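Taking it in order: structure first as structure tokens, then the write-up.
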Amino acid sequence: MVVSPSRKDWSLKLDEVVWAYRTAYKTPLGILPFQLVYGKACHLPAELEHRAYWALKKLNLDMAASGEKRMLQLNELDEFRLQAYENNKVCKEKVKRWHDRRLVRKSFAPGQQVLLFNAHLRLFPGKLESRWSGPFIVKAVFPHGTVEIFDKHLDQAFKVNGQMLTHYYGYTANREVVSAVLSTT
């Protein structure tokens, strides 16, 4: 444990935590956040002394050579950022494919009866209270999973996400009610 059990000294460790975050390799970016911002890898203070001595010895304080080297570093920084953008885009596409594979495909047809998942009962639902409300009648099915359902008790229709619906296998509705709902479209 890095902080004390009372957790009162967390602010003292904040600098180290931020440094650790900035110097850790991020898989979606494929690069260090420090390198993405500053264009070069981060080094510890001991490494910096050695690198500074090496740079002085190599460049021999030649301003033209150091200016040219800095221009190359700025071009590299643009390449790093472009590469990080592409890596992030590929990672997001992978996550989207993974998410879409696990979606349950549901198909609805006008006239079917469905139940609607009530997401507002999450806090204190009651021990035996159902999270499904309905039944509703499917009035229309739109592309990309949108379904228009009709509530015969309130005598109104509204659109919902098809993932929030499930088929209802209870009693069948009156044919007059279903035909009245479908004829209003």
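Key figures
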quantity: Point-to-point label distance, S6-S107, nm (Cα→Cβ direction, 7 Å offset); calculated: 6.6
quantity: Spin-label model distance (nm) - C91 vs W132, 7 Å beyond Cα toward Cβ; calculated: 3.9
quantity: FRET E, pair L74, H167, Förster distance 41 Å, beta-carbon r, rounded to 0.05; calculated: 0.10
quantity: Full-extension gain in nm, A157 to A41, via 0.36 nm per residue minus C-alpha separation; calculated: 35.9 nm
quantity: Charge context of Q113, other residues only, Cβ under 12 angstrom, K/R +1, D/E -1; calculated: +1
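Values quoted throughout were computed directly from the atomic coordinates according to the rules given, and no laboratory measurement underlies them. Worth saying up front: this structure is predicted, and the values here are computed from it rather than measured. Please note: Cβ atoms are built from the backbone with ideal geometry, for glycine as well, and neighbour counts cover all protein chains shown.
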